[in-house]
1. Which one is modelled with the highest pLDDT, of the residues in region 1-26 that are of a type in the set (A, V, I, L, M, F, W, C) and open to solvent by less than 50 Å² (accessible area, probe 1.4 Å)?
2. Please go through region 81-119 and pick out each residue that is assigned to a loop (DSSP other than H, G, I, E, B) and closer than 16 Å to Gly20 by Cβ.
3. Starting from region 92-105, take each residue that is more than 13 Å from Ala116 (Cα to Cα) and list its partners that are in a helix (DSSP H, G or I) and of a type in the set (Gly, Ala, Ser), counting only C-beta distances under 6 angstrom and pairs at least six apart or across chains.
4. If we scan region 60-80, do we find a residue that is open to solvent by less than 30 Å² (accessible area, probe 1.4 Å) and either in contact (Cβ under 8 Å) with a residue 60 or more places away in the chain or assigned to a loop (DSSP other than H, G, I, E, B) (or both)?
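The values are calculated or read from the model by the stated rules, or taken from the named source; none is laboratory data. Small disclaimer: the values here were computed from a predicted structure and weren't measured. All Cβ positions, even for glycine, are placed from backbone atoms using ideal geometry, and neighbour counts span all protein chains on display. Ligands, DNA and RNA are stripped out before the accessible areas are found, and what is left, the full protein with its side chains, is counted by its heavy atoms. Shrake-Rupley method; radii C 1.70, N 1.55, O 1.52, S 1.80 Å.
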Amino acid sequence: MTTTKKTGGFFKTAEPFICGGTAASFASVCIHPIDLAKVRMQLYGQMNPGKKVPSMFTIIGNMVQSEGVISAYKGVDAAIGRQMVYGTARIGLHRSFSDKLVEMNDGKPIAFVQKALSGL
């Protein structure tokens, strides 16, 4: 009795999407406090023209001191939500397009230009 095994399947197809979404979300959580400090620095500069803008470390320190550690992660839910959609699709589709280009190229590696275009 012979059985034909499906190469890949759902999990093989979903893998780049799952890994991409997870990586993008993790990166977003790591960078969120820095991004939040950047936005607060920009707002401070606009609301206080002519005054020296405090450093990122001063902003984060004041934020944690006055509002608690959790304040560094205000809005992280929106950042994660964005990455769950955008990062998942971007990285997952890149792999799908790249794999299709390799298939169209008779299994040979694709040129740099094709790799770059598949990332757009």
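1. Among them, the one singled out is Ala24.
2. Across region 81-119, the qualifying residue is only Gly119.
3. Qualifying pairs under 6 Å: Gly92/Gly20.
4. For region 60-80, residues open to solvent by less than 30 Å² (accessible area, probe 1.4 Å) and either in contact (Cβ under 8 Å) with a residue 60 or more places away in the chain or assigned to a loop (DSSP other than H, G, I, E, B) (or both): present.
Yes/no matrix, rows are residues, columns are (1) under 24 Å from the mean Cα position of the chain (by Cα); (2) among the aromatic types (Phe, Trp, Tyr); (3) modelled with pLDDT of 85 or more:
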site	(1), (2), (3)
Ser71	yes, no, yes
Ile80	yes, no, yes
Tyr86	yes, yes, yes
Leu93	yes, no, yes
Ser96	yes, no, no
